[in-house]
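Enquirer: My structure is below; once you've seen it, I'll send some questions.
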Amino acid sequence: MRLLGLALSVAVAALFVGPWLSDMRRAGLARENYRGRRVAFPAGAVLVACSLIALAPLAILDDRADLDLLDPDMRRWTVYILGVALLGLIDDALGTDASAPRGWRGHARAIAAGRFSTGAIKAVGALALAAYATSGLGDHDVTYVADLALLLLATNLFNLLDLRPGRVEKVLGALLAALCVGAWTVQPLELLGVFIGPALVCGAYTLRERAMLGDTGANLVGALAGVSLLVTLGDVGRYVALGIVAALNVYGEFRSISRTIEGVPLLRSLDSLGRVE
């Protein structure tokens with residue numbers, strides 16, 4: 001029954017994402033992408049809206065009809081997912097200045113110089129939300145800190161990846177498939193399906209360069225990835241995942257991930273699959 005959240009959110013997104021993105025463009029909510037095309041922005045706001053529309057009846061029926069439609073642990077993770085999406089929306093709305101700082105080093109320099117930095121606000125806010133979401137988890141302080149770091153770094157990694165159409169949605173889909181098959185479970189889909197559905201549907205629009213997720217959407221998708229890793233992997237698996245995610249974050253801070261992908265034929269083919277040329 002808990003997979004109904006995924007099914008309903010996919011149906012809602014299939015019905016509303018296309019028209020709403022068109023409305024965004026007509027209303028001037030658009031930005032040029034990496035090829036100079038004007039696309040709806042930030043599409044992440046549409047993902048949040050679709051998820052909440054699907055969640056409304058599920059939450060009521062889960063509570064009043066006792067149908068077991070939602071995982072009880074979803075409460076803690078929903079705060080984080082929607083919270084980081086809101087922080088991303090703040091960055092999308094207020095961090096539009098071309099001279100605005102970028103990357104951890106840029107935001108740190110801005111704060112040190114007394115400048116306003118939406119990225120720094122996003123970082124501190126995400127830390128607060130992640131600390132709240134992971135409270136009570138982990139038997140030891142080291143495990144708690146590792147889980148907290150994995151959640152934050154996974155979220156940030158998807159911001160670093162969100163430089164080409166459809167990339168983050170593909171990575172999320174591949175990650176979920178690997179976790180579900182590798183652990184032989186559908187737990188991430190049952191727990192987060194109401195948010196996963198719209199993210200995957202929107203990939204069809206970002207791939208065709210009709211929309212950009214913005215930090216709103218990239219944060220949301222990154223949060224889904226981080227939570228999925230936490231709830232699926234065992235202790236050793238989470239430490240391995242943390243090492244990989246941390247290394248990719250550091251690499252993305254100093255090097256171009258897109259340029260690296262372009263330089264590896266297999267990655268380039270997968271990255272461009274389904275994209276408008």
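Bear in mind these aren't lab numbers, they're just calculated from the coordinates by the rules spelled out. The structure displayed is predicted, hence computed values, not measured ones. Reconstructed Cβ throughout: ideal geometry from the backbone, glycine too, with neighbour counts over all protein chains shown.
Enquirer: Counting other Cβ atoms within 10 Å, which trypsin sites (Lys or Arg not before Pro) in the stretch 217-277 have at most 11 and lie in a DSSP loop? Mind dumping the intermediate values first?
Expert: On the way: sites: Arg238, Arg255, Arg259, Arg268, Arg275; in loops: Arg255, Arg275.
Within the stretch 217-277, the qualifying trypsin sites (Lys or Arg not before Pro) (loop, at most 11 other Cβ atoms within 10 Å) are Arg255.
Enquirer: Can you list the DSSP H helices in the chain whose Cα atoms extend at least 18 Å along the helix axis and whose mean Kyte-Doolittle hydropathy is 0.5 or higher? Kindly include the intermediate steps, with their values, before the conclusion.
Expert: Values: long enough: 4-26 (33 Å, 1.13); 44-64 (30 Å, 1.60); 74-94 (29 Å, 1.06); 118-133 (22 Å, 1.39); 141-161 (30 Å, 1.44); 167-182 (22 Å, 1.44); 187-207 (27 Å, 1.30); 214-232 (27 Å, 1.18); 235-254 (29 Å, 0.92).
Span-like helices in the chain: 4-26, 44-64, 74-94, 118-133, 141-161, 167-182, 187-207, 214-232, 235-254.
Enquirer: Okay, next question. If you project the alpha carbons of the chain onto the principal axes, what extent comes out on each, in Å, largest first?
Expert: Result for the chain: principal-axis Cα extents of 51, 46, 41 Å.
Enquirer: Amide H neighbours of Ala30 under 5 Å, counting only residues 5+ apart in sequence or on other chains, H built in-plane at 1.01 Å?
Expert: Phe41
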